[in-house]
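Remarks on the structure that follows.
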Amino acid sequence: MSAAAELYIDRRPGYFGRARTDIELVLPEITASVLELGCGDGGTLRWLRGIRQVDDAMGIELVADAARQARDVFDEVVAGNIETMDLDLPPARFDLILALDVLEHLVDPWRVIARCHQALKPGGAMLASISNVAHYSVALPLLFRGRWTYMEAGLLDRTHLRFFVERTAVELMTSSGLVLEA
């Protein structure tokens with residue numbers, strides 16, 4: 001097991017299986033081919049396949065046990081660290097790339113965004129959720145009490161390597177030429 005994967009050993013049950021149904025309102029029209037970074041055990045794709053047509057789905061997951069479970073949902077699952085693996089993503093393969101609460105866990109998310117961007121089909125979409133460290137639940141305790149307390153999950157997840165505010169999250173996502181749609 002890699003050192004990065006070891007950070008996730010003690011995660012509570014269900015951590016890797018939560019379906020991110022909150023993305024439904026921003027899903028693009030076409031979702032026939034999907035790449036999910038940090039796919040966990042496949043909860044989000046399982047849900048997505050229940051509401052949309054997905055003909056080709058690839059997941060990348062750091063934690064091997066979760067990746068094994070995801071193989072029941074995805075057509076292809078690669079277990080390992082996306083930052084260090086020799087992964088040849090075919091150009092223009094995916095209609096949709098999901099990076100939901102993943103990028104803040106990476107050493108160089110800018111490089112990962114660039115690699116993924118080339119794998120998007122023309123007109124494809126990348127959906128990302130990125131923790132906003134300026135959220136009042138972080139900012140107020142820091143400002144008024146000098147508190148910055150890491151947690152097992154959430155905005156101050158102890159495995160976060162990067163912290164973003166809205167502006168820097170937008171800069172990350174557009175750094176490879178992706179266009180932000182409001």
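Somewhere in region 84-96, is a residue closer than 11 Å to Gly40 by Cβ and in a strand (DSSP E or B)? No; the residues of region 84-96 include none that is closer than 11 Å to Gly40 by Cβ and in a strand (DSSP E or B). Taken over region 59-89, the criterion of being open to solvent by less than 20 Å² (accessible area, probe 1.4 Å), under 23 Å from Arg111 (Cα atoms) and out of contact with any helix residue (DSSP H, G or I) (no Cβ under 9 Å at 6 or more places or on another chain) is satisfied by Ala67 alone. Among the conditions (1) surrounded by fewer than 16 Cβ atoms within 10 Å (Cβ to Cβ); (2) in contact with a Ser or Thr (Cβ under 9 Å, 6 or more places away or on another chain); (3) of a type outside the set (Ser, Thr, Tyr), Leu143 misses just one, which is (2). Under the condition of being within 14 Å of the chain's Cα centre (by Cα), of a type in the set (A, V, I, L, M, F, W, C) and in a loop (DSSP other than H, G, I, E, B), which residue from region 16-52 is nearest to Ala66 (Cα to Cα)? Restricting to residues being within 14 Å of the chain's Cα centre (by Cα), of a type in the set (A, V, I, L, M, F, W, C) and in a loop (DSSP other than H, G, I, E, B), the top hit is Phe16. Selection of region 106-160 for residues being touching a Phe, Trp or Tyr at 6+ places or on another chain (Cβ under 8 Å), in a strand (DSSP E or B) and more than 20 Å from Arg20 (Cβ to Cβ) yields only Lys121.
Quick one: in region 47-56, of everything that is out of contact with any helix residue (DSSP H, G or I) (no Cβ under 9 Å at 6 or more places or on another chain) and more than 18 Å from Lys121 (Cβ to Cβ), which residue is surrounded by the most Cβ atoms within 10 Å (Cβ to Cβ)? Residue satisfying both the conditions and the ranking: Arg49. In region 56-79, the residues that are over 21 Å from Leu103 (Cβ atoms) reach residues that are among the polar types (S, T, N, Q) with C-beta atoms within less than 8 angstrom, at least six apart or across chains, in these pairs: Asp56/Ser33. Each residue in region 22-46 was checked for being within 19 Å of Pro122 (Cβ to Cβ) and surrounded by 24 or more Cβ atoms within 10 Å (Cβ to Cβ), and 2 pass. Going residue by residue through region 163-178, is there one that turns out to be farther than 24 Å from Asp22 by Cα and surrounded by 14 or more Cβ atoms within 10 Å (Cβ to Cβ)? Yes, region 163-178 contains a residue that is farther than 24 Å from Asp22 by Cα and surrounded by 14 or more Cβ atoms within 10 Å (Cβ to Cβ).
The values are calculated or read from the model by the stated rules, or taken from the named source; none is laboratory data. As the structure is a computational prediction, the values presented were derived from the model and not from experiment. So basically every Cβ, Gly included, is an ideal-geometry build from the backbone, and we count neighbours across all protein chains shown. Surface accessibility is based on the protein's heavy atoms, side chains included, excluding ligands, DNA and RNA. Shrake-Rupley method; radii C 1.70, N 1.55, O 1.52, S 1.80 Å.
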